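Structure first, then comments.
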Amino acid sequence: MFFVNIMKLLIPSASGIEAVVKRQLNSLGYPDTRAVNGRVAIDNCDWTDVARINMFIRSGERVLVSLACFACPDFDALYDGVTGIEWGDVVDRYGKVTVVTKAVNSALFAHHSIQSVGKKAIVDALNKKYGRVEETGAEYRVELDITDDVCTVNLDTSGAGLHKRGYRTLNYDAPLKETTASALLDLSVWNPDKMLTDLFCGSGTIPIEGAMKALNIAPGANRHFAYEQWACTDPKAYDVALAEARDAFTPRKLNIVGGDVNPKAVEIANFHAQQAGVSEYVKFNVRDARQFVTRSAFGVNISNPPYGERLGDESSARQLARDMGKLYRTLDNWNFYFLSPIDGFEREFGRRANKKRYIFNAGIKCSYYSFNGAKPVKHSEKSPSSTRVYSIGNQEKT
Ligand SMILES: C[S@@+](CC[C@H](N)C(=O)[O-])C[C@H]1O[C@@H](n2cnc3c(N)ncnc32)[C@H](O)[C@@H]1O
């Protein structure tokens, strides 16, 4: 087994949600994390940690093992640095190595050349150990990240990106990445005791991720990972993580509703909810967001409404923002969250957001707007019936 107990892991995420990934890692039992070039790093990990993080992290994109880090001003340094790694301890005789590159603010910037020098260095090192490598077996994806003339060599243990949970198998226009949807939930005030809506649910990602989170369904329980095929890993690590995932499932009552004007979207969302194992916890309706009515005094809506660049024209996207502002003003105690790239969204909505964060969605810089509702005040004294009593301003509600 390779690197037992001393691996440094890197968890990349979409720009703008690194802090969410850090908090998710903390709650998975990894308090000592730090941000490195937009990735979250954790030291002293073993294969159990690799398996657990792949299984449970909701907003990280991958789990990488950092193999080496060296100054890389030119191609000689790149070749020497890469061949210096004990590749024979990592890649088996039949391993198929794929090299991907990243180059930021460095003398080496031509991806194709970095890729071919890197690959040659790895194959030369493997040939030295095995004679001739055959590349017919398991895939090892190696990332060469050259930033500020320093090369970090990372091994990708995830394979397919972690947004691929396995439940979203039907195509739909402009879906949100599952990892981003999960981050939007974490950045909201929603908790499973509150109603959650997505009035523009498309293929259902936000409601489904909300239900999975509330029910403690591990995002990786329905898929496999690249590391499972490797000889260098602990062969029990995946099974241990899967057993932990199965134990974690906690059924509970939820009030989660998705709506979309497009019946096809609702059909797809229902299918995805079924695949994710949450169909009895989430309802999807064909409905125009502007017709939304609810009996729930408190609730949270999280949506990425359509916008010009990817769906429809910009003026109707702006009109929808105005209509959502009107709807929000009729729902005093609701929190509304929108992810949108539209300039002047707040102006259209008719109110300055309580908070605005930048998040990249499909390579487009978006803002995530939080429009708060009136805060429920929880009285510390219990009412005679022991039910919670909330008051809004001076008006009491039970
Ligand atoms: C960007 S997509 C949402 C994608 C979704 N988050 C997902 O992950 O699949 C926007 C959705 O809003 C829907 N839509 C457009 N106008 C609407 C309206 N007036 N009321 C409800 N849904 C609407 C579109 O049909 C589309 O599915």
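Tabulated results
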| item | result |
| --- | --- |
| Under the Karplus curve 6.51 cos²θ - 1.76 cosθ + 1.60, θ = phi - 60°, whole-Hz ³J(HN,Hα) for region 16-24, x wherever Gly or Pro sits | x, 10, 4, 5, 5, 4, 4, 5, 5 |
| Estimated D of region 7-156 in µm² per second, where Rh is the Kirkwood radius over Cα pairs and Stokes-Einstein applies at 10 °C, 1.306 mPa s | 99 |
| Cα-based helix-to-principal-axis angle, 314-330 vs the chain, degrees rounded to 10 | 50 |
| Cα-centred dipole magnitude for region 114-195, charges only on beta-carbon of K, R (+1) and D, E (-1), debye, nearest 20 | 320 |
| Crossing angle, helix 237-248 versus the chain [Cα axis fit, 0-90 degrees, rounded to tens] | 10 |
| Listed residue (Thr152, Trp190, Asn44) projecting farthest to the positive dipole end of the chain, Cβ model | Trp190 |
| DSSP-defined antiparallel bridges as percent of all bridges, region 7-156, nearest 5 | 75 |
| Computed log₁₀ I(q)/I(0) - Debye formula, equal Cα scatterers, no solvent, the chain, q 0.07, 0.11 Å⁻¹ | -0.39, -0.87 |
| Rounded FRET efficiency, nearest 0.05, which uses the C-beta distance separating Arg246 from Val293 and R0 of 45 Å | 0.70 |
| Cβ crowding within 10 Å averaged over residues, with 162-168, 225-231, 107-113, 177-183 ranked highest first | 177-183, 162-168, 225-231, 107-113 |
| FRET efficiency estimate (nearest 0.05) - Cβ-Cβ, Phe360 to Ala68, R0 35 angstrom | 0.80 |
| Alpha-carbon Debye profile of region 178-378, log10 I(q)/I(0) at 0.08, 0.10, 0.18 Å⁻¹ | -0.30, -0.46, -1.26 |
| Cβ-placed point charges (K, R +1; D, E -1), dipole of the chain about Cα centre in debye, nearest 20 | 1720 |
| Least to most buried among Cys366, Cys232 (fewest other Cβ within 10 Å first) | Cys232, Cys366 |
| Cα centroid separation - region 334-354 against region 9-61, whole Å | 30 |
| Region 7-156 - charge dipole about Cα centre, Lys and Arg +1 at Cβ, Asp and Glu -1, debye rounded to 20 | 400 |
| Long-range HN-HN contacts of Thr98 with modeled amide H, under 5 Å | Tyr140, Arg141, Val142 |
| Inter-part distance where region 99-176 and region 249-313 are each reduced to a Cα centre, Å | 36 |
| Nearest-ten-degree value, helix 205-214 long axis tilted from longest Cα axis of the chain | 90 |
| Among Pro219, Ser113, Gly88 the positive-end extreme of the charge dipole of the chain (Cβ point charges) | Pro219 |
| Listed peptides 319-329, 264-274 by packing density, highest first (mean Cβ within 10 Å) | 264-274, 319-329 |
| Order of Cys151, Cys72 under a 10 Å beta carbon neighbour criterion, fewest first | Cys151, Cys72 |
| Helix-only mean residue ellipticity at 222 nm for the chain, each DSSP H run of n ≥ 4 adding -39500 (n - 2.57), per residue, nearest 500 | -9000 deg cm²/dmol |
| Semi-axes of the equivalent ellipsoid for region 1-61, Cα gyration tensor, largest first, Å | 19, 12, 10 |
| Label-point separation in nm, Val36 to Thr136, each point 7 Å along Cα→Cβ | 3.7 |
| Cys residues of the chain counted as unpaired, since no other Cys beta-carbon is under 4.7 Å | Cys45, Cys69, Cys201, Cys232, Cys366 |
| Karplus-derived HN-Hα couplings along region 101-113 (A = 6.51, B = -1.76, C = 1.60, θ = phi - 60°), whole Hz, x at Gly and Pro | 10, 9, 9, 10, 6, 9, 5, 8, 9, 7, 4, 4, 5 |
| Exposure proxy order (Cβ contacts within 10 Å, fewest to most) of Phe292, Phe70 | Phe70, Phe292 |
| Bridge type composition, the chain - antiparallel percent by DSSP, nearest 5 | 65 |
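Coordinate-derived values only; no laboratory data. No experiment lies behind these values; they were computed from the predicted model shown. So basically every Cβ, Gly included, is an ideal-geometry build from the backbone, and we count neighbours across all protein chains shown.
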